[in-house]
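Let me begin by presenting the structure, written as structure tokens, before commenting on it.
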Amino acid sequence: MEGKIEIDSNLWTRVVEAAQARGFSSPQQFVTQLIERELVKEQASSSDAEITRKMEELGYLDFGRDI
């Protein structure tokens, strides 16, 4: 499914300039890479939180609890 979003004309001008400056073939490619990068960060953050929770449950991390 392909979606479309509206971007303010001033922001779009900045996107076009940034895409050209970084050597992207199109502003769309630039925006797509930015979104993908942010989604990876979000996924990694969620994974880190899940790993920490599991380690706490297993007793590997006690964060000051009396043992």
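Details
- Condition check for Gly59: at pLDDT below 95, more than 21 Å from the chain's Cα centre (by Cα) and open to solvent by less than 70 Å² (accessible area, probe 1.4 Å): yes
- Residues that are within 21 Å of the chain's Cα centre (by Cα), surrounded by 10 or more Cβ atoms within 10 Å (Cβ to Cβ) and of a type in the set (Asp, Glu), drawn from region 1-35: none
- The one condition in (1) small (Gly, Ala, Ser); (2) modelled with pLDDT under 80; (3) touching a helix residue (DSSP H, G or I) at 6+ places or on another chain (Cβ under 9 Å) that Ser26 fails to fulfil: (2)
The values are calculated or read from the model by the stated rules, or taken from the named source; none is laboratory data. Computed from a predicted structure; not experimentally measured. FYI the Cβ positions are ideal-geometry reconstructions off the backbone, even for glycines, and counts take in every protein chain you see. Protein only, heavy atoms only, side chains kept; ligands, DNA and RNA dropped before computing areas. Shrake-Rupley method; radii C 1.70, N 1.55, O 1.52, S 1.80 Å.
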